Amino acid sequence: MRTPCAASTRERGRGVTRRRPDPWLLALLALGLALRLWRLDHWSFWGDEIATLYFARMPLAEIWGADTHPPLYYALIHLWRLLGEQETTLRLSSALVSAATVGLAYGCGRRLGGRAVARWAALLQALAPMALTYAQELRMYALLEFAAALALLGLLALFQRPAWAAGPWRGPGGSRRGWLLFGLGALLAVYTHNTGPLLPAAATVAALAAWWRLPERRTLARRWLLVTGAVALLWLAYLPWFLGQADWVANNFWVSAPGPGEILADLGWIHLGIAARTTEPWIAALALAALLPILALGAVGLARRGPAPLVLLGALAILPPALELLAGLVKPIFLARTLIWTGLPTLLLLALGLERLRRSAPPALRLAPALLAAALAARLLLAGAVYGEQAKPDWRGLTAAPGARRPPAAPLGT
């Protein structure tokens, strides 16, 4: 049985399924990379980036538990810095990882609706303002988004076809790849940022909600416990440091409790790319007017195909911010950049809505071109706003000073 994402041909006489390459994918990857490389060295390193370089300069054995973040990103930069410690060279690591996420967004869109939706998803990710911002910083947020996109690629396959997910593990058409993508993405996430465990936690809630009545639920539950249990077991090695860092955050973290307006502004930045503090009001209004109806259109269209994928996307978009805000009752930790990956489900719904709008029948067809143009214009304007003037201190050259090698009084980044 063919699925919308198959877009493949069968070799005669051999029964081998092959996918034809999409010529648009390479173009969209090139666009995403070009946007991430433009003005990559315009700004000097700032405080958090200098902290990254400080920890990355440590011996590998000392990186573990040195900061309030897991060690994976610093270990990778420790190796990457062998290519050089210039701003462009070091930030290139984030730019390349972020550009690779464009390809993963394409894969997620293809699973949901075929090539057309995949192209929209890749285009939106290439232009995503928040992704562009952290693709040009020497911090772990681009890697965190990549890890979540990798997990989401596997999760969408599992949620779209639960009978397949519970079927043969190996062999032609086996479900092993979907489970492994989810497990690998979740493992990368938990070792990249301390909010990474929210990814498998939200996915588990979605699985319980979507699968509990299915006849395959026992097999699915066993495999889910196997994969998430393996991730948890591998993460246990870091748990003592995680608890110590959580204690430091609870007693010393500097973030103040956000008000309702700040929370809404951050959610708009994560999900729609609207930076309320820097975006011109008319651009923000255009983005809301164009993107929200298309988002709703995509959600309705996905719900008609079956509830499971929509439950998954909703859980990944809504539960992590809700849990961070709930934790904020003890100690405020709500920061938009830590939730960068929760914008991926929204992006996929926008891609579905854009394709549905493009293919809509009369009389909606008369309105479709205008809405499509407005949506793309809003995305381009929001992406362009990223390259505006940013109030970052000029610390260029500070990392070469002796003081840059001394331990900071407290961890600088989050």
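So the values come out like this:
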| quantity | calculated |
| --- | --- |
| Surface accessible to a 1.4 Å probe, per residue, for the residues of the chain, Å² | 46 |
| Whole-Å semi-axes of the ellipsoid equivalent to region 311-360 (Cα gyration tensor, √5λ, descending) | 30, 10, 6 |
| Residue-averaged 222 nm ellipticity for the chain, from DSSP H runs of 4+ at -39500 (n - 2.57), nearest 500 | -21000 deg cm²/dmol |
| Between helix 260-272 and the chain: long-axis angle, C-alpha atoms, 0 to 90°, nearest 10 | 60 |
| Ranked packing of 128-134, 198-204, 273-279, most packed first, by mean Cβ within 10 Å | 128-134, 198-204, 273-279 |
| Overall dimensions of region 24-181 by Cα: Rg and Dmax, Å | 17.8, 52 |
| Highest-first arrangement of 310-322, 90-102, where packing means the average Cβ count within 10 Å | 90-102, 310-322 |
| Ellipsoid equivalent to the chain - semi-axes via the Cα gyration tensor, in Å | 34, 27, 21 |
| Positive dipole terminus of the chain, leading residue within A61, L376, S44 (C-beta point charges) | L376 |
| Carbon/sulfur fraction of accessible area - the chain, other protein chains in place, 1.4 Å, % | 67 |
| Normalised contact order of region 37-124, rounded percent, pairs of Cα under 8 Å and 6 or more residues apart | 21 |
| Cβ-placed point charges (K, R +1; D, E -1), dipole of region 137-281 about Cα centre in debye, nearest 20 | 980 |
| Cβ-placed point charges (K, R +1; D, E -1), dipole of the chain about Cα centre in debye, nearest 20 | 2300 |
| Region 110-251: mean projected area of Cα convex hull, nm² | 10.5 |
| Whole-number percent relative contact order across the chain, with pairs defined as alpha carbons under 8 Å at least 6 apart | 21 |
| Region 141-283: relative contact order as a whole-number percent, Cα under 8 Å and 6+ apart | 20 |
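The values are calculated or read from the model by the stated rules, or taken from the named source; none is laboratory data. Just so we're clear, the structure is a prediction, and the values are computed from it rather than from any experiment. A quick note on method: Cβ atoms are made from the backbone with ideal geometry, for glycine too, and the neighbour counts reach across all protein chains shown. In case anyone asks, the SASA skips ligands and DNA or RNA and just uses the protein heavy atoms, side chains included. Shrake-Rupley method; radii C 1.70, N 1.55, O 1.52, S 1.80 Å.
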